[in-house]
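**Q** One structure, as structure tokens, below. Some questions next.
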């Protein structure tokens, strides 16, 4: 049956009218949650109008409505009024049951880091999140100010301000710092403690290099224990899964600077247990 917006029944016949109705086949499409019923009716006063011949044939589509829970960004949780349901199909009928949950307007960098690093001449697509609208401060080094992820191309360390806002009148602002380096920055620890406590459990240079990079770790006899080609991949104090003992080891770090020159740093490190 079909109901009007005020709940009045405006249509309640399913297939036929006063005569016999026959359901001949049914098919279900699970991906779209739709049923297709086909059959015929002996009557001419039902849904299969027209009265052409003795029997009218028809196909009926029934859709299982989705239930959606949608967030609705608000300035305050007090006095929240759910928006009107306007999810309709092509025939003007409800296509989904929708419930709205009030959530406060988010900050532009909630849950994400607010600092990053590039080398001079590089660009970065700035991160952000918003459940409203967003704008950035006017800055000639940004590709746009009303988009969520502008491309930044500064020549020096720059602080950008982003603002999330709602048409209701509230807003939240925060800042993102983009550090610009003129050349590689590498700091190499002299010891680490791979004991699983989350502090100094990995050995590797700290910093950023613009080009090729390698890290090698050896024992005192010159046996290669570990190698890496990324500053993000560090040594956990194991070799083939075997925990290595307390002691001194040798590292060799090589990378190219902004001029393409190879830089080499080597020394000893202490593995402490």
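The values are calculated or read from the model by the stated rules, or taken from the named source; none is laboratory data. Being a predicted model, the structure only gives us computed values, none of them experimental. Glycine gets a Cβ as well: all are built from the backbone with ideal geometry, and neighbour counts include every protein chain shown.
**Q** Take residue 222 and decide whether it is surrounded by fewer than 15 Cβ atoms within 10 Å (Cβ to Cβ) and either more than 17 Å from residue 118 (Cα to Cα) or in contact with a strand residue (DSSP E or B) (Cβ under 9 Å, 6 or more places away or on another chain) (or both).
**A** yes
Table: residues versus (1) exposed (fewer than 10 other Cβ atoms within 10 Å of the Cβ); (2) modelled with pLDDT under 75; (3) in a loop (DSSP other than H, G, I, E, B).
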position: 70; (1), (2), (3): no, no, no
position: 78; (1), (2), (3): yes, no, yes
position: 103; (1), (2), (3): no, no, no
position: 109; (1), (2), (3): no, no, yes
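**Q** Please work out which residue is farthest from residue 224 (Cα to Cα), limiting yourself to region 237-260 and to residues that are surrounded by 11 or more Cβ atoms within 10 Å (Cβ to Cβ) and out of contact with any strand residue (DSSP E or B) (no Cβ under 8 Å at 6 or more places or on another chain).
**A** Filtering first and then ranking leaves 243.
**Q** Sort out for me the strands (runs of 3 or more DSSP E) sitting completely within region 1-47 that have 3 or more residues that are touching a helix residue (DSSP H, G or I) at 6+ places or on another chain (Cβ under 6 Å) and at pLDDT 65 or above.
**A** none
**Q** Shifting gears a bit: I'm trying to understand the selection: among the residues of region 127-143, which are outside any loop (DSSP other than H, G, I, E, B) and surrounded by fewer than 18 Cβ atoms within 10 Å (Cβ to Cβ)?
**A** Residue satisfying the conditions is 133 alone.
**Q** Counting only residues that are assigned to a loop (DSSP other than H, G, I, E, B) and modelled with pLDDT of 95 or more, which one in region 185-196 is surrounded by the fewest Cβ atoms within 10 Å (Cβ to Cβ)?
**A** Of everything passing the filter in region 185-196, 190 is surrounded by the fewest Cβ atoms within 10 Å (Cβ to Cβ).
**Q** Looking only at region 251-261, count how many residues are touching a residue at least 40 places away in the same chain (Cβ under 8 Å) and within 20 Å of residue 220 (Cα to Cα).
**A** 3
**Q** Of all residues in region 227-236, how many are surrounded by 17 or more Cβ atoms within 10 Å (Cβ to Cβ) and part of a strand (DSSP E or B)?
**A** Qualifying residue count, region 227-236: 2.
**Q** Moving on to the next point. Looking at region 146-160, which of its residues are surrounded by 14 or more Cβ atoms within 10 Å (Cβ to Cβ) and in a loop (DSSP other than H, G, I, E, B)?
**A** Selection gives 147, 148, 149, 150, 153, 154.
**Q** Which one is farthest from residue 124 (Cα to Cα), of the residues in region 151-169 that are within 25 Å of the chain's Cα centre (by Cα) and in contact (Cβ under 8 Å) with a residue 40 or more places away in the chain?
**A** 166
**Q** On the basis of being assigned to a strand (DSSP E or B) and without any contact (Cβ under 8 Å) to a residue 24 or more places away in the chain, does residue 248 make the cut?
**A** no
**Q** I've got another one for you. What about residue 96, is it modelled with pLDDT of 95 or more and either in the same structural domain as residue 211 (by TED's automatic domain parsing) or touching a strand residue (DSSP E or B) at 6+ places or on another chain (Cβ under 7 Å) (or both)?
**A** No, not satisfied.
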